[in-house]
1. Which members of the stretch 111-145 meet the condition of being closer than 28 Å to E71 by Cα and in contact with a Pro (Cβ under 8 Å, 6 or more places away or on another chain)?
2. Determine which single condition Q167 fails, assuming it passes every other condition in (1) exposed (fewer than 14 other Cβ atoms within 10 Å of the Cβ); (2) away from the ligand (no atom under 16 Å from the Cβ).
3. So V155 clears everything in (1) in contact with a Lys or Arg (Cβ under 8 Å, 6 or more places away or on another chain); (2) under 15 Å from G47 (Cβ atoms) except one condition, right? Which one?
4. Quick check on my filter: what residues within the stretch 115-164 are near the ligand (Cβ under 9 Å from one of its atoms) and part of a helix (DSSP H, G or I)?
5. If we keep just the residues of the stretch 158-179 that are of a type in the set (A, V, I, L, M) and closer than 18 Å to A40 by Cβ, which is farthest from the chain's Cα centre (by Cα)?
6. Within the stretch 92-101, does at least one residue satisfy the condition of being touching a Leu at 6+ places or on another chain (Cβ under 7 Å), at pLDDT 95 or above, more than 16 Å from the ligand (Cβ to nearest atom) and within 21 Å of A197 (Cα to Cα)?
7. Which residues, taken from the stretch 65-81, are surrounded by fewer than 13 Cβ atoms within 10 Å (Cβ to Cβ) and of a type outside the set (A, V, I, L, M, F, W, C)?
8. Answer with yes or no whether D12 is surrounded by fewer than 16 Cβ atoms within 10 Å (Cβ to Cβ), more than 16 Å from the ligand (Cβ to nearest atom) and modelled with pLDDT under 95.
Amino acid sequence: MQPNKQSDGYPDGRLPVRVLIFGASLRRDSLNDRLATLAATVAEEKGGVVDRASMADFECPSYDQDVEAEEGVPAPAQRFRERLVTADAFVIASPEYNASMPGVLKNVIDWASRFRPQPFNGRQGLLLSASPSMAGGNRGLWALRVPLEHLGARVYPDMFSLAQAHQAFDGDGRISNATLQQRFEATVECFLDLVEAAKHYRPLKKQWVEYLGEHPDAATDRVEHTPVDAV
Ligand SMILES: Cc1cc2nc3c(=O)[nH]c(=O)nc-3n(C[C@H](O)[C@H](O)[C@H](O)COP(=O)(O)O)c2cc1C
């Protein structure tokens, strides 16, 4: 029987959803970390359970297949995997570096991709960015979508990129422009609705195939069949 959203006593009538949220900058006064904090505040206001992390928690030595073979996956990537799989979804507020993502973020994605089952597979993701520029770091998010979607993450179509972010926050950490703040809240809320639906109302696809149209061959296949109830 499906649970009853209205009568089960969750805030805002929401069924439980757990979200890992972090800013992908190591900088002390990071604008992206401020945006991640705002996302965590809004997600909790909208009935989500938040696991708030920082990029420093997941900073790894550069990926090296020899190191992996000799020493295994480093502890920060193991922690990243653990917190990712404990969550139903993730929110990353990522700086744009040279129209792409920071190396420290791509590096931990590469390390985490070595685990089986594939930790990103089937997880819902929301991408945010903040930059002093007029485009808010949005180009970097298009680059970030590529490895995440490749690994089976369900990346939310809308991405929120806060332009002129060095001037955008008020003293309480909210976006001073009321319309922008409202758009931000709506984006986070709609994302949580989707996470809730994906978790509690069985989605159709729960299989990760690296290249869907490639000729099946046990020697080269990278395929994972995940039982519907396991994600
Ligand atoms: C190596 C480097 C490359 C950058 N490239 C871009 C860029 O392509 N687009 C952009 O909008 N900002 C770029 N910036 C500026 C960052 O958006 C800005 O420093 C921002 O505050 C970084 O995010 P943070 O505040 O979360 O650390 C770059 C900064 C650095 C250090």
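The values are calculated or read from the model by the stated rules, or taken from the named source; none is laboratory data. Computed from a prediction, not measured in an experiment: that's the story for all the values here. Ideal geometry is used to build each Cβ from the backbone, glycine not excepted, and the neighbour counts take in all protein chains shown.
1. Of everything in the stretch 111-145, those that are closer than 28 Å to E71 by Cα and in contact with a Pro (Cβ under 8 Å, 6 or more places away or on another chain) turn out to be W111, A112, S113.
2. (2)
3. Status for V155: all satisfied but (2).
4. Scanning the stretch 115-164 gives N138, R139, G140.
5. Among those that are of a type in the set (A, V, I, L, M) and closer than 18 Å to A40 by Cβ, it is A168.
6. No, every residue in the stretch 92-101 fails to be touching a Leu at 6+ places or on another chain (Cβ under 7 Å), at pLDDT 95 or above, more than 16 Å from the ligand (Cβ to nearest atom) and within 21 Å of A197 (Cα to Cα).
7. Q65, D66, E70, E71, G72
8. When the stated conditions are applied, D12 passes them.
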